[in-house]
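Q: Dropping a structure here in structure tokens format, bear with me for questions.
The values are calculated or read from the model by the stated rules, or taken from the named source; none is laboratory data. This structure is a prediction, so every number in the text was calculated from the model and none was measured. Backbone-built Cβ (ideal geometry, glycine too); neighbour counts: all protein chains shown.
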Amino acid sequence: MEKRHGRSRTILGGLTLVSVLLGLYWGLVQAPPDAYQGQLQRIMYLHIPTILTAYLSFFIVFIMSCLYLWKRDRRDDILAYSAAEIGVLFTGLTIIEGSIWGKPTWGVWWTWDARLTLTAILFLIFVGYLILRSLIEDENRGAICGAVLGIIGFLDIPLIHMSVYWWRTLHQPPSILRPDKLPWENVHPSMLIALSINFAAFLLLYFYLLSLRFHVGEMREEVKRMKLYGGA
Amino acid sequence: MELLRQASWLIWKDLLLEIRRRESLVTMFFFGTLLLFVFHFAFEMPRERAPEMAPGLLWLAFLFTGTLGLTQLFQPERENHCLDALLLSPMDRAALYLAKVFFNLVLMLVVELVVLPLFWVLFNLDSWRLLPAIFMVAFLGTLGFCVLGTLFSAVTMRARARELLLPLILFPLMIPVILATIRTMEVILRSGDASEALDWLRLLLGFDVIFLTAGFLVFEWVIEA
Amino acid sequence: MERAQPELPQEKSVLHVAIRSLAKAYGLLWALREVTLELKPGDCVALLGPNGAGKTTLLKLLCGLVHPTSGAIELDGENLLGDPSRLRSLIGFLSPSEHFYENLTVAENLRFFVSLYGKRESTAEVTRILETVALDSRANEYVGSLSSGMKCRLAIAKWLLLQPKLLLLDEPYGMLDGSGVDLLEAYLRGLAGSGGIVLMASHHVSRVLALCNRALILHRGKLIFDEPKQEPWLTFQRAFGEFLPRGEQWSS
């Protein structure tokens, strides 16, 4: 059983590697440079898939937290915790990529644009989740408290989204990056292909990391069980 | 009804303890006043810039004093294993949630009732007739703060370093309520008319309702964990 | 100094408790392992064992303060975790010098906790109960100013008012003086006599054995002894002999 899981994980890893390489090739070589932004735009092939998988990750935290509170299955909690960790990683990467792109484009590393702000708040909420988990010793209590934060944090996203957008649009004139338009208007087909391949690659990478991290959590649980029952 | 009856007993208990121990209210009040002085040293606020600066400063003061109150919110229950005694009883757990939200709300409103006029005096503002409207907005914002704050005060109650942890996870979640409250106050101060800020008020109200419901539903799991 | 005897719970309805392979782990440590036992109406059970044997954990599991890692507790065939609020009012947990707000008075504490059980006790009732436990003169003092023995009497008063069907006690003897012990034992005898269940963890072996009609011994989280009392009780002496605290003698 475990062997079969291990093999399918290896296959998933191989697929991930191939698709990431393919994505890099399309993004760096096949797709033409952007009409306005030139080569700089190529970072979008990473940037957009990263943030989308991060959102997916927090959605998984939400679903698994609900399931845990309902069924109290330890594995749901391990999955929620794993997804939160990877989600924080991907959100952090998004912010870094955004800054790398923003510096030459806008001339600043950071601007209080609505979408940037939203991403940063999301990052903070789930960093808080990870810190909370590390500061509660009792395992069940940590799982329940984490689940509650996971649920509330996710439900908060639309509200933060709304308030931050209103704040940015009502308070100040819209910035360079208008929220309703992507930075490029006329998209070359090979650009779309590059973006889709990268998106698929990131999804594969995400689920590969998630399964690895979940496996670690399960093994930890197994060790605990063995210590508990072995020491009889 | 049983829920409200139990909640009112819990509130009676908390108010009585607060009157006798005077731990939260006095500390919160003086901390709030102290913050106004600190703000005054940090910023020169000319009268014409008040509409844009005052809401932020005020709300910052309320946020900090409120957090101070939240970290003490479950203190009586931590002492002497009283939480165990509450959990032993068939009491509806949601009653405890409602009671604690109400109690913290009362504490903060009392503080705000004094700090708001004091702010007007200390910073030489003359728009006294807007004060009731500002207070109403502060009430809605404070409600949102207490609704979410009480839930996470319970979440962090049995964690290590809970006093540090609480604002760390609470503040990011509070962003909608912080933004909405400050902007509403700003619009009111600038235009002198609350109807200009209806969108923000609706968001604030929505936040209060959504998180009161969510807290009401999940509190039982948190407190029994 | 003999006070009025505490009145016995009048209702005759009874409660069966079934514990099925109950286990609780704290981190990497078993506090309780595969404990299976049944408590029948009228049982007055002594829960014995050295420190860290899992006595308090078992008591806390039984009153729902701690959730089991595995296993189940059934009260009259209903799972304790299933319909807690109805079952909770049937269970009492007497832990001396705990569970009271120190800045509320004796009477306020009683009225507060009784109200959470959905009962309304008149002031006269509260006064009468306080007289029973000899605290009537202290009714308007803060609990914080009471001695631990008095707090223990207050806890007895609380459960006298609430009349649980299953009463769990965690080391109640330590704080009580002679008349307090008489009071407690009269209450426990009355409770068990009227079909209630008493489960008492204690290190005062001879005292609890005189009171109880059944004994359990926990050792490292396992139930190693469970027998009704008999005279002479050689099996108990053998099982308990190795845990006997120095200086304490147990004789039938």
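Q: What are the pairs, 6+ residues apart or on separate chains, where a residue within the range A:103-130 that is buried (at least 18 other Cβ atoms within 10 Å of the Cβ) has its Cβ under 6 Å from a residue that is among the charged types (D, E, K, R)?
A: Once the first residue is buried (at least 18 other Cβ atoms within 10 Å of the Cβ) and sits in the range A:103-130, its partners that are among the charged types (D, E, K, R) give A:114/A:168.
Q: Give me the residue from the range C:108-135 that is facing another protein chain (nearest Cβ under 10 Å) and touching a Lys or Arg at 6+ places or on another chain (Cβ under 7 Å) and, out of that set, surrounded by the most Cβ atoms within 10 Å (Cβ to Cβ).
A: Within the range C:108-135, the match that is surrounded by the most Cβ atoms within 10 Å (Cβ to Cβ) is C:113.
Q: Scan the range B:191-206 and give yes if some residue there is facing another protein chain (nearest Cβ under 10 Å), within 17 Å of residue B:62 (Cβ to Cβ), under 14 Å from the mean Cα position of the chain (by Cα) and part of a helix (DSSP H, G or I), otherwise no.
A: yes
Q: So which helices (runs of 4 or more DSSP H) are wholly in the range B:62-176 and hold at least 1 residues that are within 14 Å of chain A (Cβ to nearest Cβ), in contact (Cβ under 8 Å) with a residue 60 or more places away in the chain and farther than 30 Å from residue B:189 by Cα?
A: Passing ranges, in order: B:82-88, B:93-122, B:131-156.
Residues checked against (1) within 30 Å of residue B:151 (Cβ to Cβ); (2) modelled with pLDDT under 90:
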| position | (1), (2) |
| --- | --- |
| A:145 | yes, no |
| A:153 | yes, no |
| A:161 | yes, yes |
| A:168 | yes, yes |
| A:176 | no, yes |
| A:211 | no, no |
| A:226 | no, yes |
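Q: Does the range A:65-83 contain any residue that is in a loop (DSSP other than H, G, I, E, B) and not hydrophobic (A, V, I, L, M, F, W, C)?
A: yes
Q: Criterion first (of a type in the set (A, V, I, L, M, F, W, C), within 16 Å of residue A:48 (Cα to Cα) and part of a helix (DSSP H, G or I)) does residue A:100 satisfy it?
A: Yes; evaluated as a whole, the condition is true for this residue.
Q: Further question: Any chance the range B:125-139 includes a residue that's modelled with pLDDT of 95 or more and of a type in the set (Ser, Thr, Tyr)?
A: no
Q: When the residues of the range B:21-31 are narrowed to those that are surrounded by 14 or more Cβ atoms within 10 Å (Cβ to Cβ) and over 16 Å from the mean Cα position of the chain (by Cα), which ends up nearest to the other protein chains (Cβ to nearest Cβ)? Before you say what the answer is, go through the steps one by one.
A: Of the residues in the range B:21-31, the ones surrounded by 14 or more Cβ atoms within 10 Å (Cβ to Cβ) are B:21, B:23-25, B:27-29, B:31.
Next, from what is left, pick out any that are over 16 Å from the mean Cα position of the chain (by Cα): B:21, B:23.
Working: B:21: 6, B:23: 10 Å.
Checked the range B:21-31; the qualifying residue nearest to the other protein chains (Cβ to nearest Cβ) is B:21.
Q: Can I ask one more? Could you tell me how many of the residues in the range C:90-128 are free of Cβ contacts under 8 Å to residues at least 40 places away in the same chain and assigned to a helix (DSSP H, G or I)?
A: Residues meeting the conditions: 12.
Q: Can you tell me which residues in the range A:41-73 are within 14 Å of another protein chain (Cβ to nearest Cβ) and surrounded by fewer than 17 Cβ atoms within 10 Å (Cβ to Cβ)?
A: Of everything in the range A:41-73, those that are within 14 Å of another protein chain (Cβ to nearest Cβ) and surrounded by fewer than 17 Cβ atoms within 10 Å (Cβ to Cβ) turn out to be A:66, A:70, A:71, A:72, A:73.
Q: Does the range A:151-164 include one or more residues that are within 28 Å of residue C:66 (Cα to Cα) and in contact (Cβ under 8 Å) with a residue 24 or more places away in the chain?
A: Quick first cut of the range A:151-164, residues within 28 Å of residue C:66 (Cα to Cα) only: A:151-153.
Filter once more, so that each one left must be in contact (Cβ under 8 Å) with a residue 24 or more places away in the chain: A:151, A:153.
The answer is yes; a qualifying residue exists.
Q: Return yes when residue B:49 is facing chain C (nearest Cβ under 9 Å) and surrounded by fewer than 16 Cβ atoms within 10 Å (Cβ to Cβ) and no when it is not.
A: Judged against the criteria, residue B:49 is not a match.
Q: Just the residues that are out of contact with any Pro (no Cβ under 7 Å at 6 or more places or on another chain) and hydrophobic (A, V, I, L, M, F, W, C), please, taken from the range A:202-212.
A: A:203, A:204, A:205, A:207, A:209, A:210, A:212
Q: Okay, moving on. Within the range C:104-114, can one find any residue that is among the aliphatic types (A, V, I, L, M) and closer than 20 Å to residue B:90 by Cβ? Lay out the reasoning, then the answer.
A: So in the range C:104-114, the residues among the aliphatic types (A, V, I, L, M) come out as C:104, C:106-107, C:110, C:114.
Remaining after also requiring closer than 20 Å to residue B:90 by Cβ: C:110, C:114.
Looking for residues that are among the aliphatic types (A, V, I, L, M) and closer than 20 Å to residue B:90 by Cβ, one finds at least one in the range C:104-114, hence yes.
Q: Looking at this structure, is residue C:74 assigned to a helix (DSSP H, G or I), surrounded by fewer than 23 Cβ atoms within 10 Å (Cβ to Cβ), modelled with pLDDT of 85 or more and of a type outside the set (Val, Ile, Thr)?
A: Spelling it out, it is not the case that residue C:74 is assigned to a helix (DSSP H, G or I), surrounded by fewer than 23 Cβ atoms within 10 Å (Cβ to Cβ), modelled with pLDDT of 85 or more and of a type outside the set (Val, Ile, Thr).
Q: Name the single residue that is surrounded by the fewest Cβ atoms within 10 Å (Cβ to Cβ) among those in the range A:141-150 being at the interface with another protein chain (Cβ under 7 Å from one of its Cβ atoms) and under 20 Å from the mean Cα position of the chain (by Cα).
A: If we take residues in the range A:141-150 being at the interface with another protein chain (Cβ under 7 Å from one of its Cβ atoms) and under 20 Å from the mean Cα position of the chain (by Cα), then A:148 is surrounded by the fewest Cβ atoms within 10 Å (Cβ to Cβ).
Q: Now a separate question. For the range C:154-181, which positions are within 12 Å of the chain's Cα centre (by Cα) and assigned to a loop (DSSP other than H, G, I, E, B)?
A: Listed by number, the residues that qualify are C:164, C:165, C:171, C:172, C:173.
Q: Here is a check on your reading of the model: is residue B:181 closer than 28 Å to residue A:153 by Cβ, more than 12 Å from chain A (Cβ to nearest Cβ) and touching a residue at least 60 places away in the same chain (Cβ under 8 Å)?
A: No; evaluated as a whole, the condition is false for this residue.
Q: Quick check on the range C:91-107: of everything there that is more than 7 Å from every other protein chain (Cβ to nearest Cβ) and modelled with pLDDT of 90 or more, which residue is farthest from residue C:187 (Cα to Cα)?
A: For the range C:91-107, the residue satisfying everything is C:105.
Q: Okay, next question. Taking the options A:156, A:138, name whichever one is at the interface with chain B (Cβ under 7 Å from one of its Cβ atoms) and among the acidic types (Asp, Glu).
A: A:156
Q: Hey, another quick one. Does the range C:204-211 contain at least one residue that is surrounded by 18 or more Cβ atoms within 10 Å (Cβ to Cβ), more than 19 Å from residue C:39 (Cβ to Cβ) and modelled with pLDDT under 90?
A: From the range C:204-211, those surrounded by 18 or more Cβ atoms within 10 Å (Cβ to Cβ) are C:204-205, C:208-209, C:211; that's our starting set.
Remaining after also requiring more than 19 Å from residue C:39 (Cβ to Cβ): C:204-205.
With the extra rule that they be modelled with pLDDT under 90, the set shrinks to C:204-205.
Among the residues of the range C:204-211, at least one is surrounded by 18 or more Cβ atoms within 10 Å (Cβ to Cβ), more than 19 Å from residue C:39 (Cβ to Cβ) and modelled with pLDDT under 90, which makes the answer yes.
Q: Against the condition part of a helix (DSSP H, G or I), modelled with pLDDT under 90, over 30 Å from residue B:197 (Cα atoms) and more than 14 Å from every other protein chain (Cβ to nearest Cβ), how does residue B:41 come out, does it pass?
A: In short, yes.
Q: If you go through the range C:76-89, how many residues are under 21 Å from residue B:6 (Cα atoms) and either in contact (Cβ under 8 Å) with a residue 24 or more places away in the chain or not hydrophobic (A, V, I, L, M, F, W, C) (or both)?
A: Filtering the range C:76-89 for residues under 21 Å from residue B:6 (Cα atoms) gives C:83-89.
Remaining after also requiring either in contact (Cβ under 8 Å) with a residue 24 or more places away in the chain or not hydrophobic (A, V, I, L, M, F, W, C) (or both): C:83-86, C:88-89.
The qualifying residues number 6.
Q: Let me ask something additional. Being among the β-branched types (Val, Ile, Thr) and surrounded by 18 or more Cβ atoms within 10 Å (Cβ to Cβ) is the requirement here; does residue B:121 meet it? Step through it out loud before you land on a result.
A: Numbers: among the β-branched types (Val, Ile, Thr): yes; surrounded by 18 or more Cβ atoms within 10 Å (Cβ to Cβ): no.
For residue B:121, the condition - among the β-branched types (Val, Ile, Thr) and surrounded by 18 or more Cβ atoms within 10 Å (Cβ to Cβ) - is not met.
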